[in-house]
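The values are calculated or read from the model by the stated rules, or taken from the named source; none is laboratory data. A quick note: this is a predicted structure, and the numbers were derived from the prediction, not measured. Here the Cβ positions follow ideal geometry from the backbone for every residue, glycine too, while neighbour counts run over all protein chains shown.
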Amino acid sequence: MSFDPREASANKKVFSQVTWRHIRAMEVEKKNNFEPISLTNELLARCNWTQKDGNQTFFHPKFQDYIVLQKTDKGYNTLLQQNATIGEAMNYLHQLQNRYYSLVFEELNVDMNNYKV
């Protein structure tokens with residue numbers, strides 16, 4: 001069973017025909033074909049996050065010092081003014097992309113050229 005969400009958004013008739021069976025089939029297909037990309041210091045650099053002074057805190061020019069990422073044993077925490085934690089620790093690129101979008105309503109630029117997953 002094949003379903004293209006782009007087709008659904010362009011054609012309300014197709015979208016109305018989507019059932020939970022379609023959605024479940026897509027979820028199973030995703031689980032079988034894709035693995036999440038682990039978040040690493042190198043990948044953060046490719047997303048324009050910079051590490052200061054060799055510690056485990058990362059800064060993005062969009063946020064300056066207001067919002068930072070801090071590496072912990074559970075993943076990367078998002079800190080507001082380096083005090084309050086926003087959400088749970090992130091371990092995968094898609095989590096960072098979602099968090100970034102929820103904060104600035106823009107897509108995160110990721111340079112994946114020559115990156116080995």
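Scanning the range 75-94 for residues that are over 24 Å from M112 (Cα atoms) and not hydrophobic (A, V, I, L, M, F, W, C), which turns out modelled with the lowest pLDDT? Step through it out loud before you land on a result.
To start, the set of residues in the range 75-94 that are over 24 Å from M112 (Cα atoms) comprises 79-88.
The next check asks that each one be not hydrophobic (A, V, I, L, M, F, W, C); those that pass are 81-83, 85, 87-88.
On the way: Q81: 79, Q82: 70, N83: 80, T85: 88, G87: 89, E88: 92.
Selected residue: Q82.
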> Of everything in the range 60-72 that's of a type outside the set (D, E, K, R) and buried (at least 18 other Cβ atoms within 10 Å of the Cβ), which residue is nearest to the chain's Cα centre (by Cα)?
Replying inline: L69
> Pairs, please: C-beta under 7 Å, at least 6 apart or cross-chain, first residue free of Cβ contacts under 8 Å to residues at least 12 places away in the same chain and in the range 49-67, second among the hydrophobic types (A, V, I, L, M, F, W, C) and surrounded by 11 or more Cβ atoms within 10 Å (Cβ to Cβ)?
Replying inline: T50/F58; T50/F59; Q51/F58; K52/F59; F59/W49; F59/V68
>> Cβ-Cβ distance below 9 Å, separation of 6 or more or different chains: which pairs start in the range 100-117 with a residue that is more than 23 Å from N77 (Cβ to Cβ) and end on one that is at pLDDT 90 or above and among the basic types (K, R)?
In response: D111/R46; M112/R46; N113/R46; Y115/R46
> Could you list, in sequence order, the residues of the range 47-57 that are within 21 Å of N114 (Cβ to Cβ) and buried (at least 16 other Cβ atoms within 10 Å of the Cβ)?
Replying inline: C47, W49
